[in-house]
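The values are calculated or read from the model by the stated rules, or taken from the named source; none is laboratory data. What you see is a predicted model; the values in this text were computed from it and never measured. Using ideal geometry, Cβ is built from the backbone for each residue, glycine included, and neighbour counts are taken over all protein chains shown.
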(Lines give C-alpha, C1' and ligand atoms only; values in the text may rest on other atoms or scores of the structure.)
Protein backbone atom coordinates (compact mmCIF):
# COMPACT_ATOMS: atom_id res chain seq x y z
CA UNK A 1 0.00 0.00 0.00
CA UNK A 2 1.15 3.50 -0.75
CA UNK A 3 2.02 5.67 2.20
CA UNK A 4 -0.04 8.81 2.55
CA UNK A 5 1.72 12.15 3.02
CA UNK A 6 2.15 13.27 6.58
CA UNK A 7 -0.67 15.78 6.45
CA UNK A 8 -0.73 16.45 10.20
CA UNK A 9 2.93 17.54 10.07
CA UNK A 10 2.19 19.93 7.22
CA UNK A 11 -0.78 21.30 9.09
CA UNK A 12 1.38 21.80 12.17
CA UNK A 13 3.96 23.70 10.07
CA UNK A 14 1.31 25.93 8.56
CA UNK A 15 -0.16 26.60 11.97
CA UNK A 16 3.28 27.46 13.31
CA UNK A 17 3.90 29.92 10.46
CA UNK A 18 0.51 31.47 11.08
CA UNK A 19 1.35 31.88 14.77
CA UNK A 20 4.64 33.58 13.86
CA UNK A 21 2.80 35.95 11.53
CA UNK A 22 0.21 36.75 14.19
CA UNK A 23 2.97 37.40 16.71
CA UNK A 24 4.69 39.75 14.29
CA UNK A 25 1.50 41.66 13.51
CA UNK A 26 0.77 41.87 17.20
CA UNK A 27 4.25 43.29 17.79
CA UNK A 28 3.73 45.84 15.04
CA UNK A 29 0.49 46.99 16.65
CA UNK A 30 2.19 47.18 20.03
CA UNK A 31 5.00 49.26 18.58
CA UNK A 32 2.55 51.63 16.95
CA UNK A 33 0.68 51.89 20.24
CA UNK A 34 3.84 52.67 22.23
CA UNK A 35 4.94 55.28 19.71
CA UNK A 36 1.54 56.82 19.15
CA UNK A 37 3.03 60.09 20.43
CA UNK A 38 5.57 59.98 17.57
CA UNK A 39 3.59 60.04 14.37
CA UNK A 40 5.16 58.68 11.20
CA UNK A 41 4.96 62.11 9.60
CA UNK A 42 6.80 63.75 12.49
CA UNK A 43 9.55 61.15 12.45
CA UNK A 44 9.96 61.46 8.69
CA UNK A 45 10.21 65.24 8.97
CA UNK A 46 12.71 64.94 11.82
CA UNK A 47 14.96 62.65 9.80
CA UNK A 48 14.65 64.71 6.61
CA UNK A 49 14.82 68.22 8.08
CA UNK A 50 17.37 70.77 6.80
CA UNK A 51 20.79 69.84 8.13
CA UNK A 52 19.78 66.21 8.57
CA UNK A 53 22.74 65.12 6.46
CA UNK A 54 25.03 65.91 9.38
CA UNK A 55 22.51 65.44 12.20
CA UNK A 56 21.90 61.88 11.05
CA UNK A 57 25.59 61.06 11.40
CA UNK A 58 24.96 60.52 15.11
CA UNK A 59 23.25 57.10 15.28
CA UNK A 60 22.13 57.68 18.87
CA UNK A 61 20.31 60.83 17.80
CA UNK A 62 18.73 59.13 14.79
CA UNK A 63 17.33 56.34 16.95
CA UNK A 64 16.46 58.75 19.78
CA UNK A 65 18.42 56.88 22.43
CA UNK A 66 21.22 57.86 24.76
CA UNK A 67 24.70 56.33 24.54
CA UNK A 68 23.98 54.66 27.89
CA UNK A 69 20.97 52.79 26.48
CA UNK A 70 21.55 48.99 26.43
CA UNK A 71 22.03 47.57 22.95
CA UNK A 72 18.94 45.38 23.26
CA UNK A 73 16.80 48.45 23.95
CA UNK A 74 18.43 50.27 21.04
CA UNK A 75 17.45 47.35 18.82
CA UNK A 76 13.82 47.61 19.95
CA UNK A 77 13.81 51.33 19.24
CA UNK A 78 15.25 50.67 15.80
CA UNK A 79 12.39 48.29 15.05
CA UNK A 80 9.82 50.81 16.28
CA UNK A 81 11.17 53.61 14.12
CA UNK A 82 11.71 51.45 11.05
CA UNK A 83 8.04 50.42 11.18
CA UNK A 84 6.85 53.99 11.68
CA UNK A 85 8.76 55.45 8.74
CA UNK A 86 8.62 52.45 6.40
CA UNK A 87 7.69 53.52 2.83
CA UNK A 88 4.95 50.89 2.66
CA UNK A 89 3.21 52.58 5.59
CA UNK A 90 3.69 56.06 4.15
CA UNK A 91 2.74 55.79 0.46
CA UNK A 92 1.74 59.46 0.30
CA UNK A 93 5.34 60.51 0.94
CA UNK A 94 7.31 57.55 -0.36
CA UNK A 95 10.46 59.50 -1.27
CA UNK A 96 10.92 61.13 2.13
CA UNK A 97 9.89 58.02 4.02
CA UNK A 98 12.48 55.99 2.11
CA UNK A 99 15.14 58.53 3.05
CA UNK A 100 14.06 58.39 6.70
CA UNK A 101 13.97 54.59 6.65
CA UNK A 102 17.48 54.48 5.18
CA UNK A 103 18.75 56.80 7.94
CA UNK A 104 17.26 54.56 10.64
CA UNK A 105 18.65 51.40 9.04
CA UNK A 106 22.11 52.96 8.67
CA UNK A 107 22.15 54.08 12.31
CA UNK A 108 21.33 50.59 13.54
CA UNK A 109 23.87 49.03 11.19
CA UNK A 110 26.58 51.20 12.77
CA UNK A 111 25.60 50.40 16.35
CA UNK A 112 24.97 46.68 15.94
CA UNK A 113 28.54 46.32 14.72
CA UNK A 114 30.95 46.04 17.66
CA UNK A 115 33.62 48.16 16.01
CA UNK A 116 31.10 50.81 14.94
CA UNK A 117 29.56 50.98 18.41
CA UNK A 118 33.00 51.32 19.99
CA UNK A 119 33.94 54.14 17.62
CA UNK A 120 30.71 56.02 18.39
CA UNK A 121 31.24 55.65 22.13
CA UNK A 122 34.77 57.02 21.77
CA UNK A 123 33.33 60.13 20.12
CA UNK A 124 30.79 60.54 22.92
CA UNK A 125 33.48 60.12 25.58
CA UNK A 126 35.66 62.67 23.82
CA UNK A 127 32.75 65.13 23.81
CA UNK A 128 32.23 64.58 27.53
CA UNK A 129 35.91 65.06 28.26
CA UNK A 130 36.09 68.27 26.25
CA UNK A 131 32.93 69.62 27.88
CA UNK A 132 34.29 68.90 31.35
CA UNK A 133 37.51 70.68 30.42
CA UNK A 134 35.52 73.63 29.11
CA UNK A 135 33.59 73.81 32.41
CA UNK A 136 36.83 73.82 34.40
CA UNK A 137 38.32 76.59 32.27
CA UNK A 138 35.16 78.69 32.61
CA UNK A 139 35.15 78.36 36.39
CA UNK A 140 38.88 79.09 36.60
CA UNK A 141 38.45 82.26 34.54
CA UNK A 142 35.52 83.48 36.65
CA UNK A 143 37.41 82.79 39.85
CA UNK A 144 40.42 84.69 38.55
CA UNK A 145 38.15 87.65 37.75
CA UNK A 146 36.71 87.51 41.26
CA UNK A 147 33.27 86.49 40.03
CA UNK A 148 30.93 83.69 41.01
CA UNK A 149 32.02 80.37 39.55
CA UNK A 150 28.46 79.22 39.02
CA UNK A 151 27.80 78.52 35.33
CA UNK A 152 24.84 77.17 33.39
CA UNK A 153 26.60 73.85 32.75
CA UNK A 154 26.30 73.13 36.48
CA UNK A 155 22.75 72.12 35.60
CA UNK A 156 22.98 68.43 34.53
CA UNK A 157 20.43 69.00 31.76
CA UNK A 158 22.42 71.85 30.26
CA UNK A 159 25.66 69.96 30.72
CA UNK A 160 24.19 67.01 28.80
CA UNK A 161 23.00 69.40 26.10
CA UNK A 162 26.51 70.83 25.77
CA UNK A 163 27.85 67.29 25.42
CA UNK A 164 25.16 66.56 22.82
CA UNK A 165 26.04 69.63 20.75
CA UNK A 166 29.76 68.85 20.84
CA UNK A 167 29.06 65.21 19.98
CA UNK A 168 27.20 66.32 16.86
CA UNK A 169 30.11 68.57 15.90
CA UNK A 170 32.60 65.73 16.36
CA UNK A 171 30.53 63.39 14.20
CA UNK A 172 30.29 66.11 11.53
CA UNK A 173 34.02 66.79 11.73
CA UNK A 174 34.76 63.09 11.40
CA UNK A 175 32.56 62.88 8.31
CA UNK A 176 34.23 65.95 6.80
CA UNK A 177 37.67 64.38 7.30
CA UNK A 178 36.41 61.11 5.84
CA UNK A 179 35.17 62.88 2.72
CA UNK A 180 38.41 64.83 2.37
CA UNK A 181 40.41 61.61 2.63
CA UNK A 182 38.06 59.95 0.17
CA UNK A 183 38.58 62.78 -2.33
CA UNK A 184 42.32 62.67 -1.76
CA UNK A 185 42.39 58.93 -2.35
CA UNK A 186 40.28 59.32 -5.49
CA UNK A 187 42.61 62.04 -6.80
CA UNK A 188 45.68 59.91 -6.08
CA UNK A 189 44.05 56.91 -7.71
CA UNK A 190 43.25 58.98 -10.80
CA UNK A 191 46.81 60.36 -10.91
CA UNK A 192 48.30 56.88 -10.72
CA UNK A 193 45.88 55.65 -13.36
CA UNK A 194 46.87 58.44 -15.75
CA UNK A 195 50.52 57.82 -14.99
CA UNK A 196 50.14 54.11 -15.68
CA UNK A 197 48.20 54.83 -18.85
CA UNK A 198 50.97 57.21 -19.97
CA UNK A 199 53.62 54.59 -19.31
CA UNK A 200 51.60 51.98 -21.17
CA UNK A 201 51.14 54.32 -24.12
CA UNK A 202 54.86 55.10 -24.21
CA UNK A 203 55.71 51.42 -24.00
CA UNK A 204 53.28 50.74 -26.83
CA UNK A 205 54.84 53.46 -28.98
CA UNK A 206 58.36 52.15 -28.27
CA UNK A 207 57.33 48.64 -29.26
CA UNK A 208 55.66 49.92 -32.42
CA UNK A 209 58.76 51.92 -33.34
CA UNK A 210 61.04 48.92 -32.76
CA UNK A 211 58.73 46.74 -34.80
CA UNK A 212 58.69 49.18 -37.71
CA UNK A 213 62.44 49.69 -37.47
CA UNK A 214 63.08 45.95 -37.65
CA UNK A 215 60.59 45.49 -40.49
CA UNK A 216 62.30 48.18 -42.58
CA UNK A 217 65.86 46.92 -41.94
CA UNK A 218 66.05 44.85 -45.17
CA UNK A 219 64.62 47.73 -47.17
CA UNK A 220 67.21 50.12 -45.79
CA UNK A 221 70.06 47.67 -46.58
CA UNK A 222 68.82 47.17 -50.15
CA UNK A 223 68.50 50.92 -50.62
CA UNK A 224 72.07 51.46 -49.44
CA UNK A 225 73.44 48.77 -51.73
CA UNK A 226 71.55 50.20 -54.72
CA UNK A 227 72.90 53.63 -53.89
CA UNK A 228 76.49 52.36 -53.80
CA UNK A 229 76.07 50.46 -57.07
CA UNK A 230 74.58 53.46 -58.86
CA UNK A 231 77.29 55.69 -57.48
CA UNK A 232 80.06 53.52 -58.92
CA UNK A 233 78.34 53.19 -62.31
CA UNK A 234 77.84 56.91 -62.75
CA UNK A 235 81.32 57.96 -61.58
CA UNK A 236 83.40 59.73 -64.49
CA UNK A 237 86.69 58.19 -65.79
CA UNK A 238 89.82 59.58 -64.14
CA UNK A 239 91.57 62.40 -66.14
CA UNK A 240 95.41 62.23 -66.56
CA UNK A 241 97.34 65.09 -65.08
CA UNK A 242 98.89 67.45 -67.75
CA UNK A 243 102.65 67.02 -68.45
CA UNK A 244 104.73 70.19 -67.85
CA UNK A 245 106.20 71.72 -71.07
CA UNK A 246 109.79 71.44 -69.88
CA UNK A 247 109.32 67.73 -69.41
CA UNK A 248 108.23 67.24 -73.00
CA UNK A 249 110.81 65.80 -75.54
CA UNK A 250 112.64 68.40 -77.76
CA UNK A 251 111.83 71.26 -75.51
CA UNK A 252 114.44 74.09 -75.84
CA UNK A 253 115.10 76.37 -72.98
CA UNK A 254 115.17 80.09 -73.91
CA UNK A 255 118.55 81.90 -73.45
CA UNK A 256 119.10 83.75 -70.23
CA UNK A 257 119.30 87.51 -70.45
CA UNK A 258 122.75 88.85 -69.52
CA UNK A 259 122.94 92.10 -67.66
CA UNK A 260 124.33 95.07 -69.66
CA UNK A 261 127.89 96.02 -68.74
CA UNK A 262 128.82 99.71 -68.45
CA UNK A 263 132.34 101.10 -68.88
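Observations on the model:
- Qualifying residue in region 148-159 (condition: under 17 Å from residue 59 (Cβ atoms) and touching a helix residue (DSSP H, G or I) at 6+ places or on another chain (Cβ under 8 Å)): no
- Filter pass, residue 158 being surrounded by 12 or more Cβ atoms within 10 Å (Cβ to Cβ), over 18 Å from residue 122 (Cα atoms) and modelled with pLDDT of 85 or more: yes
- Listed by position, the helices (runs of 4 or more DSSP H) enclosed by region 4-73 that each have at least 2 residues that are out of contact with any strand residue (DSSP E or B) (no Cβ under 7 Å at 6 or more places or on another chain) and modelled with pLDDT under 90 are 7-34, 52-55.
- Residue match in region 87-103 (condition: in a helix (DSSP H, G or I), modelled with pLDDT of 95 or more and closer than 23 Å to residue 163 by Cβ): yes
One line per residue, one yes/no per condition, for (1) free of Cβ contacts under 8 Å to residues at least 40 places away in the same chain; (2) under 34 Å from the mean Cα position of the chain (by Cα); (3) surrounded by fewer than 16 Cβ atoms within 10 Å (Cβ to Cβ); (4) more than 28 Å from residue 50 (Cβ to Cβ):
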| residue | (1), (2), (3), (4) |
| --- | --- |
| 111 | no, yes, no, no |
| 131 | yes, yes, no, no |
| 149 | yes, no, yes, yes |
| 175 | no, yes, yes, no |
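- Any chance residue 208 is part of a helix (DSSP H, G or I) and at pLDDT below 90: yes
- Any hit, region 138-150, residues being under 30 Å from residue 38 (Cβ atoms), modelled with pLDDT of 90 or more and either touching a strand residue (DSSP E or B) at 6+ places or on another chain (Cβ under 6 Å) or assigned to a loop (DSSP other than H, G, I, E, B) (or both): no
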